[in-house]
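Just below is one structure, and these are the notes that go with it.
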Amino acid sequence: MKKLLSAIIHVILFVLLTFLTQIGGIVWLISVLLHPIVARRLKFPAGMVKFFVFSVLYLISTFALVPVLAKPFGRVPLPLFSENHIRPVSVWTCILNRNYVRPELKRVLETVAGNMAGQFADTEIRYLDASLPFMNGFPLLPHLSHNDGCKLDLAYFYTDRKTGKPTNLQPAFSGYGVFEGPRTGENNTTEMCLEKGYWQYDYSKYLTLGSDPEKYVFDEVRTRAMIGLFAAQASVQKMFLEPHLKSRMGLNAIEKIGFQGCRAVRHDDHLHIQMRD
């Protein structure tokens, strides 16, 4: 019975880690095989040794092996640390291998980030989820479409409420879930979708992983500039932006900016861009 329970736990971990990171399941199986060898040298509990072996193997694989293996699949990683005025909102995006895009999308991002830094001193574009490193069609949960390296979520810009100065920080630790909601008289898409029964439309409010919304104010100037720069890139096919923000920022004339539909989630906490496949 004990062996059966252990086998079930290993299967669950394999499936979960595979769906979360693509490589985690395989790394877990390897660590299970290797940890007895390490345990004989380290006088620690077996569970601790197993976690240590898995963590070391996983980090080595993620940062040394996966970028090389991803190239034949047409994917390259976005930077973990600040590079070309680009960095992730959270390091976990990179640790979980959710930072892979097509090379062309990376070049577009670098171009826009460079232009933004030229217009607004010290500005960095902070990215959220992109795609996993291997195989088109492999889902990046909980997204509906981030499965081919052609899609990327980006954080909006904010100013520090106390100082009034621009910042590259975001009100949510994950970058998701703190919304710049509609004002009185603006199109309330969230209310419409929820009334139609699309309960998931604003569920990202539960995925902030910690937030401090009172500290920041939505920076309309820099956000509008960033969206305009992406719209000007020929390889960018479409962008998703909540309708009330599109109208508020005077972007109605840009046909590439569309509504993602009620089946997805609201986009007044982040910008979704995608290039042609």
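Counting only residues that are aliphatic (A, V, I, L, M) and open to solvent by 20 Å² or more (accessible area, probe 1.4 Å), segment 251-263 holds 2 of them. Pairing each residue of segment 26-46 that is more than 18 Å from ILE60 (Cβ to Cβ) and of a type in the set (Gly, Ala, Ser) with any residue that is loosely packed, with under 13 Cβ neighbours inside 10 Å and modelled with pLDDT of 70 or more, provided the two are 6+ apart or on different chains, yields C-beta distances under 9 Å for ALA46/PRO36. Any residue at all in segment 34-47 that's modelled with pLDDT under 95, closer than 26 Å to PHE173 by Cα and surrounded by 17 or more Cβ atoms within 10 Å (Cβ to Cβ)? Within segment 34-47, none of the residues are modelled with pLDDT under 95, closer than 26 Å to PHE173 by Cα and surrounded by 17 or more Cβ atoms within 10 Å (Cβ to Cβ). Within segment 126-156, being part of a loop (DSSP other than H, G, I, E, B), under 18 Å from PRO103 (Cα atoms) and open to solvent by less than 10 Å² (accessible area, probe 1.4 Å) holds for LEU128, ALA130, LEU132, PRO133, HIS146, GLY149, CYS150. Among the residues making up segment 88-115, those that are out of contact with any strand residue (DSSP E or B) (no Cβ under 6 Å at 6 or more places or on another chain) and more than 17 Å from ALA70 (Cβ to Cβ) are SER90, VAL91, TRP92, VAL108, GLU110, THR111, VAL112, GLY114, ASN115. Inspection of segment 113-125 finds a residue satisfying the criterion of being under 15 Å from the mean Cα position of the chain (by Cα), among the hydrophobic types (A, V, I, L, M, F, W, C) and buried (at least 23 other Cβ atoms within 10 Å of the Cβ). Evaluating GLU195 against the criteria (1) within 24 Å of ILE125 (Cβ to Cβ); (2) among the acidic types (Asp, Glu); (3) over 22 Å from the mean Cα position of the chain (by Cα) leaves one unmet condition, (1).
The values are calculated or read from the model by the stated rules, or taken from the named source; none is laboratory data. Just so we're clear, the structure is a prediction, and the values are computed from it rather than from any experiment. Cβ sites come from the backbone with ideal geometry, for glycine too, and all protein chains shown count toward neighbours. Just so you know, the surface numbers come from the protein's heavy atoms only, side chains and all, with ligands and any DNA or RNA stripped out. Shrake-Rupley method; radii C 1.70, N 1.55, O 1.52, S 1.80 Å.
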